[in-house]
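Heads up: the structure comes next, in structure tokens.
The values are calculated or read from the model by the stated rules, or taken from the named source; none is laboratory data. A quick note: this is a predicted structure, and the numbers were derived from the prediction, not measured. Cβ coordinates were reconstructed from backbone atoms using ideal geometry, including for glycine residues, and neighbour counts include every protein chain displayed. Keep in mind that these areas ignore ligands, DNA and RNA; they rest on the heavy atoms of the full protein, side chains included. Shrake-Rupley method; radii C 1.70, N 1.55, O 1.52, S 1.80 Å.
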Amino acid sequence: MNKQQEQSSDLRAGSYRIPDNLRAYIQPETVITRSPGRINLIGEHTDYNNGFVLPAAIDKAAYVAMTPRADQEIHLYSVDMEERYHCTTDNINASADMSWPNYILGVVQQFLLAGIAVGGFDAALTGDIPIGAGLSSSAAVECAVAFALNKLYVANLDKLSIVKLAQRAENQFVGVQCGIMDQFASVFGKYNHVIKLDCRSLAYEYEPFNMDGIKVLLLDTNVKHSLGSTEYNVRRIQCETGVALVQQRYGNVTSLRDVDLAMLDECVKPADELVYRRCRYVIEENNRLLNACRDLEAGNLRAFGKRMYQSHEGLSTMYEVSCPELDFLVDYVRDKPAVLGARMMGGGFGGCTINLVEEGAVDALIAGAAAAYTAAKGKTLKAYVARIESGTCLL
Ligand code: GLA
């Protein structure tokens, strides 16, 4: 990153405002953080397979106002849901009936496990990331909380340590065996750039997202991906099974990143057809992402968009993490010349499709898609135009 880029990203971070509904919870010692949701242009279900992803942070975020207390009590309040939760630092109980406190408490637990003395605090939470839409609202909350605790208890964790800590919170406390993409994108997001992240080495590059006249349109099925976490963990195990089968002949293979299609045909296809299809998708998706990055560098967005459709096809038919509503929305836009590409985004089983759309066509496309979606599925469509913004910051 050159100096100029660094400065422009910093300047942007300085321009985010404290949401009005948090003001009532601010005292002199309060720390306030903002952590964004994310989109992912291509590279789905590749992160936990040591592959590549191409996410970006967006203009929808989680905000936390955290105030230290003199005792060991933790008092949590969701401003948007008007719900409260309470426990103590020496007895961090997961909430059984509300999910949002667990994204906070999982992070507190990880700080404690890392030997950082976290005291009691009050935290008020708000945000505008749609929940269950595949935009990583949970990772955003985790990272906002981790940044706030890091500041409040002077833990001096660097950004990558915060990302890994937040991911462990999701893995261990929430129980979703997610990869690193969501937390990484939330923390490392950069204004008007996508992040090309190698999830094996964690090396990353910012690619300018120069899409004059093109908008990133998210079409939200309004289907919550609640089944997703179980199936998500199943996919992970299926990929691990594939790796184990390849390892029987190729001892130095440690993940699907080390496997090519010929090895897969040789070792997995005869043994397990389902696992074969899962692994084949992942290997193809990694190759697709590398080619898509070349398209982006060459400014060939039409070619990039075609790869998004191919990605969706693989996710739907081989990896089987789509759903009829997502498939419907991708099919609906497929023959529209103003749409360069579309696919389901995130873990799947609901949530959003991501579409690259010519700016002038956005409004008509939303209207047409909404009417068609309701007619076909009896559900209401939501639509968001996502802008690419900077990552987690203190306000
Ligand atoms: C979820 C997970 C990520 C990633 C995506 C699929 O968002 O949290 O780690 O695996 O699904 O690409």
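Summarising the overall dimensions of segment 1-137 from its C-alpha atoms, the Rg and Dmax are 17.1, 48 angstrom. Once the 1.4 Å probe is applied to the protein heavy atoms, the chain comes out at 41 Å² accessible per residue.
Highest mean first, the peptides 137-148, 210-221 sorted by other C-beta atoms within 10 Å per residue fall in the order 137-148, 210-221. In plain terms, the bigger the Kirkwood radius, the slower the diffusion; for segment 214-386, with that radius from Cα pairs, at 25 °C and 0.890 mPa s, Stokes-Einstein puts D at 143 µm²/s. Overall dimensions of the chain, expressed as equivalent-ellipsoid semi-axes from the Cα gyration tensor (√(5λ), whole Å, largest first), are 33, 26, 21.
Heavy-atom accessible area with a 1.4 Å probe sorts E29, E285, largest first, into E29, E285. Temperature 4 °C, viscosity 1.567 mPa s: under these conditions the Stokes-Einstein estimate for segment 62-149, based on its Kirkwood radius over C-alpha pairs, is 99 µm² per second.
Scoring 183-193, 353-363 by mean Cβ neighbours within 10 Å over their residues and listing the highest first yields 183-193, 353-363.
The C-alpha atoms of the chain define a longest principal axis, and helix 301-313 lies at about 90 degrees to it. Taking 20 Å as the limit for the C-alpha separation, the pairs K60/K224; K306/K336; K60/K336 exceed it in the case of K60/K336. For segment 306-345, backbone nitrogen atoms closer than 17 Å to the point 7 Å from T374 Cα along Cα-to-C-beta are found at 329. Per-residue packing, averaged as other Cβ atoms within 10 Å, sorts the ranges 382-393, 341-352, 87-98, 257-268 into the order 341-352, 382-393, 257-268, 87-98, beginning with the highest. With contributions of -39500 (n - 2.57) from each DSSP H run of at least four residues, the per-residue ellipticity at 222 nm computed over the chain stands at -12500 deg cm²/dmol. Note that segment 103-245 shows a convex hull volume over its alpha carbon atoms of 155 Å³ per residue. For the chain, the longest principal axis of the C-alpha atoms and the axis of helix 137-152 are separated by about 40°. Here the accessible area of segment 214-386 is 52 percent carbon and sulfur, with a 1.4 angstrom probe and all protein chains present. Protein heavy-atom surface of segment 52-178, 1.4 angstrom probe: 46% of the accessible area is carbon and sulfur, with nucleic acids and ligands not counted. Between helix 324-334 and the chain there is an angle of about 60 degrees, using the helix long axis and the longest principal axis of the Cα atoms.
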